[in-house]
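Structure first, then comments.
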Amino acid sequence: MAELSKKTLGRLPESVEQPAYDRQQVTVGMVHLGIGAFHRAHQAAYTDRVLYRDPSWGIVGASLQSRSTRDALKPQDCLYTLATRDGAGERLKIIGSVVDVMLAPTQTARLLSAMADPKTRIVSLTVTEKGYCHEPASGALNEAHPDILHDLATPYAPKTAPGLIVEALARRRIAGIPPFTVLTCDNLPANGRVAKGIIDRFAALRSPDLGAYVAGELLCPATMVDRITPATTDEDRAGISRALGVLDAAPVVTEPFSQWVIEDRFSLGRPDWEEAGAELVVEVEPFEHMKLRLLNGAHSSLAYLGYLAGYQTVAEVMRNMDFERFVRALMEQATPTLVIPPSTDLMGYRVALLERFRNPALKHRTWQIAMDGSQKLPQRLLGTIRDCLRLGLPFDRLALGVAAWMRYVSGVDEEGRAIDVRDPLAEQLRKIADAAGPVAEWLAPALLAVEPIFGRDLPTDPRFVEAVTAELRQLFAVGASQAVARLGSLSG
């Protein structure tokens, strides 16, 4: 079977949507760090829809670690299929906004040249929480991170996103080129402010003069991104290739829903993303909290509890009415911590979330969502709990989500099988769990002492410690399914 490429576009079925612009006219305007499935289902798809208006906003993508995306896309002229699925079926669209893909570890010089090029006006990121090399509890740069130490020692060969960005900004400054805008699209509270603080601090550690320049000139607008994008499977690749009649080694599967809220602050312009449905606003924070606390907090809790209960995907979890009642109750507890614009249909948003979680066409694995929990927990659950404590509100469902993470990172499931825990702190967490043993009164305080996750406040608040310990005790005593059934059935 021939590969998807610009030469084979003419062979595709009429039902497959193709780019509405001349791809030969597309030039580079953005560099994106972390070109995984989410970026290709979200920001690249929004950009694809507006290139007909201005083709100068093509994207150069860079993988910071794995070569698989680069190796799959390059032979296809960086074209790929976006497969949108729900209960009604599948819709296929070819995305052409990505014009080149690099592998940062082996093409560092070329990537830095692209970032320093005056045509590049935006550098965007989806590097996941751990890619910022920060302390999740505080949002500050982890100055002892080994990759940060490497980038400070060898600034011309950086490994990290902060190192790449600051080196490119330094080169632009020397050449008299204004700074690009850094647009982070990761699930971090106040992600623009956090990214700005990390980049400013890294630049200052390189040199006070460079730090002052970056602090004074660099813009990092905040964003809120939302689109459920499971990992693409071999079955997905085979089925999409059959539907196309050509081989696509890099398709992306997603849901119909998509949301992108952007703080409209760009130093050198931006694509007309609002024409593709993005919301350009003055303040992103209310939308960001709504998404992190309702969608992401619920998603992570479902992932840990569902995995422990033996479920492979979120849709399977949601077929259990105890879990559905539980996640409704969790959203109910999180809602009073939100400050939402009056025009926002919050109840409609919550109902839509439940429908999205139930989507039978998305095989979103609980194990995938459970990855990197040490980086996600502060944003998805702990911030909500802090507000509940401050306001004197109940938070037992949220506490069960935290306890389920503790049970999960102990590395052994309810049947005594090993859990493949993927987390930057996995080794440290497993050592703590092994030393404490499966006893809630020992394990909970031992894990709560991990300051980069829980900070200094939560481990010293008896309301929090007692609630999490009680829920962890339930998980050890009766298992995830019964613990969920108990909290799903209680009122309040």
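FYI, it's all coordinate maths here, none of it is from the lab. As the structure is a computational prediction, the values presented were derived from the model and not from experiment. As a convention, Cβ positions derive from the backbone with ideal geometry for all residues, glycine included, and neighbour counts pool all protein chains shown.
A few comments on the model shown:
- Debye-formula intensities of the range 9-281, expressed as log10 I(q)/I(0) at q = 0.07 Å⁻¹, are -0.24 (one equal scatterer per alpha-carbon, no solvent).
- Each DSSP beta bridge with both residues in the chain is either parallel or antiparallel, and the antiparallel ones are about 35%.
- Kirkwood Rh, angstrom, the range 299-392 [1 / mean 1/r, Cα pairs]: 14.3 Å
- With the simple spin-label model, which puts each label point 7 Å out from Cα in the Cβ direction, the E451 to H150 separation comes to 2.6 nm.
- Checking the Cα-Cα distances for K159/K196; K93/K291; K6/K93; K6/K119; K159/K291; K130/K196 against a 20 Å cut-off, the pairs over it are K93/K291; K6/K119; K159/K291.
- Tilt relative to the chain, helix 396-409 - C-alpha long axis, 0 to 90 degrees, to 10: 70 degrees
- On Cα atoms only, tilt of 161-175 relative to the major axis of the chain in degrees: 30 degrees
- Relative counts (whole %) of C-alpha pair distances in the range 40-106, using bins that are 10 Å wide: 20, 47, 27, 6, 0
- Per residue convex hull volume, Cα atoms of the range 76-220, in Å³: 138 Å³
- Angle of helix 208-217 to the longest C-alpha principal axis of the chain, folded into 0 to 90 degrees and rounded to 10: 80°.
- Applying 1/(1 + (r/R0)^6) with R0 = 51 Å to the Cβ-Cβ distance of A20 and E466 gives a FRET efficiency near 0.30.
- Isotropic mean projected area of the C-alpha convex hull, the range 413-491 (nm²): 6.1 nm²
- Here's how it looks for T313: its modeled amide H is under 5 Å from those of T366, which are all 5 or more places away or on a different chain.
- Computed from the Cα positions only, the extents of the range 178-291 along the three principal axes stand at 56, 31, 25 Å, in decreasing order.
- Compared with the rule-of-thumb size 2.2 N^0.38 Å for a compact globular protein, the chain has a Cα radius of gyration ratio of 0.97.
- Interatomic Cα distance distribution for the range 285-489, bins of 5 angstrom, percent: 1, 8, 17, 21, 22, 16, 10, 4, 1, 0, 0
- In a reduced charge model with +1 at each Lys and Arg Cβ and -1 at each Asp and Glu Cβ, the range 9-281 shows a dipole moment near 620 debye about its Cα centre.
- Each 5 Å bin, from zero up to the one with the longest distance, holds this percent of the alpha carbon pairs of the range 1-132: 2, 10, 20, 23, 21, 13, 7, 3, 1, 0.
- Rounded to the nearest 20, the size of the Cβ-charge dipole of the chain about its Cα centre is 540 debye, with Lys and Arg at +1 and Asp and Glu at -1.
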